[in-house]
Structures are given as C-alpha cells and as structure tokens.
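Derivation of every value follows stated rules applied to the coordinates shown; laboratory data play no part. Keep in mind the model is a prediction, meaning the values are calculated, not measured. Reconstructed Cβ throughout: ideal geometry from the backbone, glycine too, with neighbour counts over all protein chains shown.
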C-alpha cells in the first residue's frame, strides 16, 4: 500500500494533462498532506470552453462527510477496490462515481527481501508521470470550509512479477492501480458499473526501481 509518493511539478502537469493547481504544492507527500488530483470538470463549466479536466488541491487521505477531523486521512489514503463499495469511508464516493487520477512521479514501497524494510523508489521506465486511479470526496471542516480529499485505489499483487517483491513476506501484496495513458479519460468517464473493469495490474516491464537495495 502506498503511503509515500512524489507529485509532479505544475509544469509537468500542464504538459501532460493541460491543467495544474493554482499554486505550487509540496513534491514529497504523505497521508494528510495536500497534493494535486485531477477530475472531470462539471458539464456546465465545459460549455464555457474550459478544459475537460480540472486540477484541484486535496488531502491525501479521503475524508467522508462524517469525518470528525482531518486525522482520519491517516487511515484512508489507500482504498481496497474489492471492498470500496461497502466500506463506510469510501462507499459514498464509489457509488457516486467520484473518480479521479492522482498524478505521481514516483512512489515508495518497503522492500523486505534483505530482512528489513528498505524504502524503495519506483518510477515508470520511460520517466513519465503515472496516473493513479482514485476516488475524491468533499468535506466541510468545523469552521465551515470545504476540504477536498482523495484516496488511491489498490488491487491484489501476489502474482505480479514486480509489485510482489514489496511488503512483509507473509503479508498480502498490494499495488496501487496505475492507469495506462490511453485509459485516463475512459476511467474518468466510466459508469459506476464499469469501475471494477479498470482495476488491472500495470505491466511489470513498465516499472523500475530507482534505488534497489544491495
């Protein structure tokens, strides 16, 4: 499960997606940090010749309407796709089809093959930005301010040639859902019934380790 990742700079977001947040955000992100996510723009706004996509700033760690404070995000930064439709934290966003992508330059997973956890930086082999399938939510804080938030969807990776190398030996292996570039808009435009069809493993030969333990 991914709890640490690097977000692309705004210049890369504009080049890859045509949109970026209004302000610069931290690159190194952990749960409850604020980062960029991309979703479809509301249909009314599209009529004004604005881009089909929009980039927002939200908390890494989804906040359902009933969250008491932002600390819940420490537990909701990843969402198991198999149970997203029933888990209290995620079922509303899932059933409403509040899909997004989280742009990622690199993510980190613990490599336990040496007997201890070694934080390992993972990127695309071509150096491109990864589009992680996610869910977004809108929450109102105690002061009445709207806070957007997001979570990364995950799938089982026990048999994945690359992602099965991470996490503790006896734990289930999991992977975030990395969307091929050609499926990004299909994912965002898909119906709720079609959501699970996008929960597929990313080709192992398109991922690489930047600092493999010795």
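Tell me the mean residue ellipticity at 222 nm calculated for the chain from its helices only (DSSP H runs of n ≥ 4, each -39500 (n - 2.57), averaged over every residue, nearest 500). Show your work: numbers first, answer last.
On the way: 4 runs with 23 residues, N = 214.
Calculated at 222 nm, the ellipticity per residue is -2500 deg cm²/dmol.
For region 5-209, what relative contact order do you get, as a whole percent, if you take Cα pairs closer than 8 Å and at least 6 residues apart?
Values: 434 pairs, mean separation 41.3, N = 205.
So the answer I get is 20 percent.
Classify region 1-92 from the C-alpha gyration tensor, please: rounded if a/c falls under 1.5, else prolate or oblate depending on whether a/b exceeds b/c.
Numbers: a/c = 2.13, a/b = 1.38, b/c = 1.54.
Since a/c reaches 1.5 but b/c is at least a/b, the shape of region 1-92 is classed as oblate.
Quick check: from the Cα gyration tensor, does region 125-192 come out rounded (a/c under 1.5), prolate or oblate?
Oblate, since a/c reaches 1.5 and b/c is not below a/b.
Can you tell me the order of 50-56, 65-71, 24-30 when each peptide is scored by its average per-residue count of other Cβ atoms within 10 angstrom, highest first? Walk me through the numbers on the way to the answer.
On the way: 50-56: 16.4, 65-71: 12.4, 24-30: 14.3.
Put in order of decreasing packing, that is 50-56, 24-30, 65-71.
Between residue 206 and residue 12, how high is the FRET efficiency from 1/(1 + (r/R0)^6) when r is the Cβ-Cβ distance and R₀ = 22 Å? Nearest 0.05. Don't skip to the end; give the middle numbers.
Numbers: r = 18 Å, r/R0 = 0.82.
The formula returns an efficiency of 0.75 here.
Subtract the Cα-Cα distance of residue 80 and residue 66 from 0.36 nm times their separation in residues, and report this length gain in nm to one decimal. Walk me through the numbers on the way to the answer.
On the way: separation 14, 0.36 × 14 = 5.04 nm, distance 1.97 nm.
Length gained between residue 80 and residue 66: 3.1 nm.
Work out the FRET efficiency for residue 25 and residue 126 from their Cβ-Cβ distance, taking R0 = 30 Å, and round it to the nearest 0.05.
Efficiency, from the Cβ-Cβ distance: 0.80.
Just order 139-148, 197-206 by mean Cβ neighbour count inside 10 Å, highest at the front, would you? Write out the running numbers ahead of the final one.
Values: 139-148: 11.4, 197-206: 14.5.
Order by mean packing, descending: 197-206, 139-148.
Decide, for region 26-148, between rounded, prolate and oblate: order the square roots of the alpha carbon gyration tensor eigenvalues as a ≥ b ≥ c, take rounded if a/c falls under 1.5, and otherwise choose prolate if a/b is larger than b/c, else oblate. Intermediate values should be presented prior to the final figure.
Values: a/c = 1.88, a/b = 1.31, b/c = 1.43.
Note, shape of region 26-148 comes out oblate.
Pull out the extension gain between residue 96 and residue 141, defined as 0.36 nm times the separation in residues minus the alpha carbon to alpha carbon distance; nm, one decimal. Please report the intermediate quantities before stating the final value.
On the way: separation 45, 0.36 × 45 = 16.20 nm, distance 2.10 nm.
Between residue 96 and residue 141, full extension yields 14.1 nm more.
Pick from 35, 127, 58 the residue whose mean-square fluctuation is largest in a GNM of the chain, springs joining Cα atoms under 10 Å.
Among 35, 127, 58, the largest GNM mean-square fluctuation belongs to 127.
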